[in-house]
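To keep things clear, I will list the structure first and then write my remarks on it.
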Amino acid sequence: MTLHVLPTRTAGAAENMAVDFMLLQRYPASAAPRFRHYQWRGPAVTFGYAQKIAFVREQVAGRAGESDGRLELCRRATGGGIVDHRQDWTYALVLPRGHALEEVRATQSYRIVHEALAAALRDQGVPAMAKAAPVADPETAETAAPARANVCFDRAEIHDVIHEITAAKIAGAAQKRNKHGLLLQGSI
């Protein structure tokens, strides 16, 4: 399988999000999957398309760069929670319509990508795994600490990449599907 790996670029939040969406919208059906890693020109936070900006502003209040106006806020074309990009490694994977991974259910494409990502992290010495579905046993279930709703790295959801020992979330992603294919935006 051919994978087009695009050059790493540094840009502002709006440009990074626009490039990802443009790669999905202008994707030729005959093209190979595309992967790009990118960096952030300054402090940035992105949030899923369904989130309200007032909620996002409330959640990021007081973060470095927010008080002086340097913290960029930008809505993603994909869903998901609030992601702080000041210390992450961000990527986008774009699959054309008809690609095998584009044709499976969203939960399955998410699982497949995160299992591969966890394997790559393990190869680098990071004890990582994709989070399995929780076991529904009320007798042994522990009460999890409350997490802020819609803040991506506050808690791990099924198929997120977690640290094998601490169970802390170390990677997540969100998807956008349309008639052109699949955009998966991820953060480690």
Q | Where a label projected 7 Å from the Cα of Ala54 along Cα→Cβ would reach, residues of region 78-92 with amide N under 19 Å | A | 82
Q. Do you know the relative contact order of the chain, to the nearest whole percent, from alpha carbon pairs under 8 angstrom that are 6+ apart?
A. 24 percent
Q: Count the net charge of all other residues whose Cβ sits under 14 Å from the Cβ of Val5, scoring Lys and Arg as +1 and Asp and Glu as -1.
A: +3
Q. Quick one: Cα convex hull volume of the chain, Å³ per residue?
A. 136 Å³
Q.
Check which residues have an amide H placed less than 5 Å from Ala11's amide H, if you skip close sequence neighbours.
A. Gln39, Trp40, Arg41
Q) Among Ala54, Ala132, Ala167, which one moves the most in a GNM of the chain with springs linking Cα atoms closer than 10 Å? A) Ala54
**Q.** Under 17 Å from the Cα of Lys131 - lysines, other chains or at least 8 residues apart
**A.** Lys169
**Q.** Amide H within-cut-off set for Ala171, under 5 Å, with H built and near neighbours excluded
**A.** Val161
(Q) Using 0.36 nm times the number of residues separating Ala32 and Arg9, minus their current alpha carbon distance, what extension gain do you get? (A) 6.3 nm
Q) For region 1-94, treating each Cα as an identical point scatterer without solvent, what Debye log10 I(q)/I(0) comes out at q = 0.13, 0.14, 0.19, 0.22 1/Å? A) -0.47, -0.54, -0.90, -1.12
Q) Using a 1.4 angstrom probe and counting only protein chains, how large is the accessible area of Phe47 in Å², to 10? A) 10 Å²
Q | Highest-fluctuation residue, Gly42, Gly125, Gly79 considered, GNM on the chain with Cα pairs under 10 Å | A | Gly125
Q: Would you rank Met129, Met1, Met22, Met17 by solvent-accessible area, highest first, keeping every protein chain in place and using a 1.4 Å probe?
A: Met1, Met22, Met129, Met17
**Q.** Residue with peak Gaussian network fluctuation, the chain [Cα springs, cutoff 10 Å], from Pro127, Pro33, Pro96
**A.** Pro127
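The values are calculated or read from the model by the stated rules, or taken from the named source; none is laboratory data. What you are looking at is a predicted structure, and each value in this text was computed from that prediction instead of being measured. Positions of Cβ are generated from backbone atoms using ideal geometry, with glycine treated the same way; all protein chains shown enter the neighbour counts. When the accessible area is computed, the model is the full protein with side chains, heavy atoms only, and any ligands, DNA or RNA have been set aside. Shrake-Rupley method; radii C 1.70, N 1.55, O 1.52, S 1.80 Å.
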